[in-house]
Amino acid sequence: MEEQDRSSQPRPPHVLIFPLPLQGHINTMIKLAELLPIAGFKLTFLNSHHNHKRLVKFNNIAAHFERYPGFEFKTITDGLPLDHPRSGSWFLDMFEETMEPKMKQSLREVLVNSSPPALLLMLQRRLESPLLFFCTSSPCSFWVYYSIPDIIQVGELPINGTEDMDRLITTVPGMETYLRCRDLPTFCRKLDIEDSIYMKLVVEQTRKSLQADALILNTAEELDEPILSQIRTKCPRVYAVGRLHAQLNTRLNAKHGESCDHISNTLWEVDKSCIFWLNKQPNRSVIYVSFGSIMSMSREQPVELWYGLLNSKTKFLLVVRPNSVIGKDGEGEDVVMELMEKSKDRGYIVNWAPQEAVLNHPAIGGFFTHNGWNSTLESVVPGVPMICWPQFADQHVNSRVVSEVWKIGLDMKDVCDSKIVEKMVNDVMVDRKEEFAKSASEMAKVTNQSVNVGGSSYSNLDCLVEDIRIMSL
Ligand code: UDX
């Protein structure tokens, strides 16, 4: 992926990247947005006004992207007023009716006015038909979404309200031996699933995205091989280029030397004090507890978690995002703060952590996670075993893969009970510590090799870059 000599080469391709306005999507897409200018491409990164303001406030992005002459940020509305609190389940509640139509319209205006014309468009599904579709969630969830009509057709869905949720779903090729009813996305739990507008939308968009010229996935061949080969039966050009963050490190080191780091892209103010706290803890003694950028909890759930963590005797680092515990005017978080006051010697709490640095810290021995795809990969790369507490979207499938296929963690799915929390933390951090550490470190090794020169993800990215050049001629 050598940078082009601009004097002797044709005009570089112009790629426009547009993530959904969420931290998890921006995290992944901004990595690809940085990788393509390394190959000499012109790149436009389209952000919502609201998120861009936060990106600028909490990261030194201007200085960072100055090193890429062809890189520019543009912003559009996300359809909500700038002062909208965007808390609780705002995204799930507002996306379809309020946000999507306005975003679509603004996106089209940007495309029409892009100069030179944006030859390619990559974005999360729904808003436009991309030439290249970049799926920021997991390949296994993508494949399950695709397969839902087949599961319904053979009568394995709907799920009867009284039946065993551990019943195997045998219709999804490649997942016949481990996918259970409870591992399907939560909208599959509804008796009237066939009438579900949400289900129809997800399936339609997944199938539509397979009509793109190519599909880009943030995974490595070695991690998801059985599912990638299934997806390739529907879309022959699939580029598994992940984990993108690690891929970017390899490319930046090669180009600028070891000291060059990629940009942080946080949308909340990072509390780095937790790293100083971690520095004082013994190796692999702390469990990191964090549930991503969207999930919210009822007031009871953090209490169960807290008692479970406390009784487990393991030290913990807990993230409680502002407005993520349901209750009026921050009173939800007050419950957590009161509990934490009582357990200062056992845990440390922050509003937002430098998650990657935390997961790479030697004091961390486990990750209590909701299994968003970024969090899952961020745990795989340093070889940190997981306790999975999935909530929605791809998370239920991801947690099943983590526990049953990769065997690098335990799946707590569907319960939040202090006794179970205590047992799982003890299993991962004490009783079965060596077993999980071994499997997680083997998986980390394979994943990390894929982004080295000659590795599968490294070579796939080279192919993607070449194909984009050809497509844009
Ligand atoms: C959403 C969906 O929920 C998820 O299922 C899908 O796979 C991607 O989009 P989110 O819930 O935010 O994402 O989870 P995740 O994908 O894990 O992304 C969260 C990101 O926030 C991670 O990259 C993580 O490093 C970052 N984060 C989280 C922090 O930097 N600090 C924190 O304290 C918590």
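Every number in this text was worked out from the coordinates using simple rules, so none of it is lab data. Values in this document were obtained by computation on a predicted structure and should not be read as measured data. Cβ coordinates were reconstructed from backbone atoms using ideal geometry, including for glycine residues, and neighbour counts include every protein chain displayed.
So if I take the centroid of the Cα atoms in the range 269-340 and the same for the range 46-91, what is the distance between those two points in Å?
The distance from the Cα centre of the range 269-340 to that of the range 46-91 comes to 27 Å.
For the range 245-324, what is the number of Lys pairs with C-alpha distance below 24 angstrom, counting only pairs 8 or more positions apart or on separate chains?
Taking the range 245-324 as the scope, the lysine pair count is 4.
Work out from phi, with θ = phi - 60° and the Karplus expression 6.51 cos²θ - 1.76 cosθ + 1.60, the ³J(HN,Hα) of each residue of the range 278-288, listed in order in whole Hz, and give x for Gly and Pro.
4, 4, 8, 9, x, 4, 6, 10, 10, 9, 8
Assign one of three labels to the range 363-442, namely rounded, prolate or oblate, based on the Cα gyration tensor with a ≥ b ≥ c the square roots of its eigenvalues; rounded applies when a/c is under 1.5, prolate when it is not and a/b is larger than b/c, and oblate otherwise.
It is oblate, given that a/c is not under 1.5 and a/b is not larger than b/c.
With 10 angstrom as the radius, rank MET340, MET386 by how many other C-beta atoms surround their C-beta, starting from the fewest.
MET340, MET386
Nothing charged except the Cβ atoms of Lys and Arg (+1) and of Asp and Glu (-1): what's the magnitude of the dipole of the chain about its Cα centre? Round to the nearest 20 debye.
Here the size comes out at about 780 debye.
With r as the distance between the Cβ atoms of ASP83 and GLU225 and R0 = 45 Å, compute the FRET efficiency 1/(1 + (r/R0)^6) and round to 0.05.
0.45
Rounded to two decimals, what is Rg over Rh for the chain when you use alpha-carbon atoms and the Kirkwood radius?
0.95
Which far-off residues, 5 or more places away or on another chain, put their amide H under 5 Å from the one on THR75, with H placed in the peptide plane?
It is ASN47, by chain and number.
Can you bin every Cα-Cα distance in the range 309-388 into 10 Å intervals starting at zero and give me the percent of pairs per bin, rounded to whole numbers?
Percent of Cα pairs in each bin: 16, 46, 33, 5.
Report the extension gain between ARG232 and LYS200 in nm, rounded to one decimal, defined as 0.36 nm multiplied by the number of residues separating them, less their alpha carbon distance.
The ARG232-LYS200 span can extend by a further 9.3 nm.
Among residues other than VAL270 whose Cβ falls under 13 Å from its Cβ, what is the net charge (Lys/Arg +1, Asp/Glu -1)?
Once positives and negatives cancel, what remains is +1.
Please rank CYS416, CYS274, CYS181, fewest neighbouring Cβ atoms within 10 Å first, as an exposure proxy.
Listed from fewest to most nearby Cβ atoms, that is CYS416, CYS181, CYS274.
Can you compute 3J(HN,Hα) from phi for each residue in the range 398-407, using the Karplus curve 6.51 cos²θ - 1.76 cosθ + 1.60 with θ = phi - 60°, rounded to whole Hz and x for Gly and Pro?
The phi angles translate into 4, 5, 5, 5, 4, 7, 9, 9, 7, 6 Hz.
Roughly speaking, what is the stretch gain from GLU356 to ARG189, that is 0.36 nm per residue apart minus the C-alpha to C-alpha distance, in nm to one decimal?
So the chain would gain 56.8 nm between GLU356 and ARG189.
Go ahead and run the numbers for FRET between ASP414 and MET471, Cβ-Cβ distance against an R0 of 41 Å, rounding to 0.05.
E between ASP414 and MET471, to the nearest 0.05, is 0.40.
Please compare each pair in LYS234/LYS413; LYS31/LYS104; LYS74/LYS102; LYS53/LYS344; LYS102/LYS200 to a cut-off of 27 Å on the Cα-Cα distance and tell me which ones are over it.
LYS234/LYS413; LYS53/LYS344
Could you work out how much longer the chain between ASP345 and SER441 gets when fully extended? Use 0.36 nm per residue separation minus the Cα distance between them, nm to one decimal.
31.6 nm
For labels at GLU100 and ASN279 in the simple 7 Å Cα→Cβ model, what's the distance in nm?
It is 4.8 nm.
What is the range 136-269's relative contact order, in percent, from Cα pairs under 8 angstrom and six or more apart in sequence?
The normalised contact order for the range 136-269 reaches 22 percent.
Using the basic label-point model (7 angstrom from Cα toward the beta carbon), what is the LEU92 to LYS208 distance in nanometres?
Reported label-point gap for LEU92 and LYS208 is 2.2 nm.
How large is ³J(HN,Hα) for each residue in the range 85-100, as worked out from phi by the Karplus curve 6.51 cos²θ - 1.76 cosθ + 1.60 (θ = phi - 60°), to whole Hz, x for Gly and Pro?
The phi angles translate into x, 6, 10, x, 9, 3, 5, 5, 6, 9, 4, 5, 8, 9, 7, 4 Hz.
Modelled label-to-label distance, GLU434 and PHE392, 7 Å Cα→beta-carbon offset: nm?
Between GLU434 and PHE392, the label points sit 4.3 nm apart.
Between helix 244-256 and the chain, what is the angle of the helix's C-alpha long axis to the longest principal axis, kept within 0 to 90° and rounded to the nearest 10?
Computed tilt is about 50 degrees.
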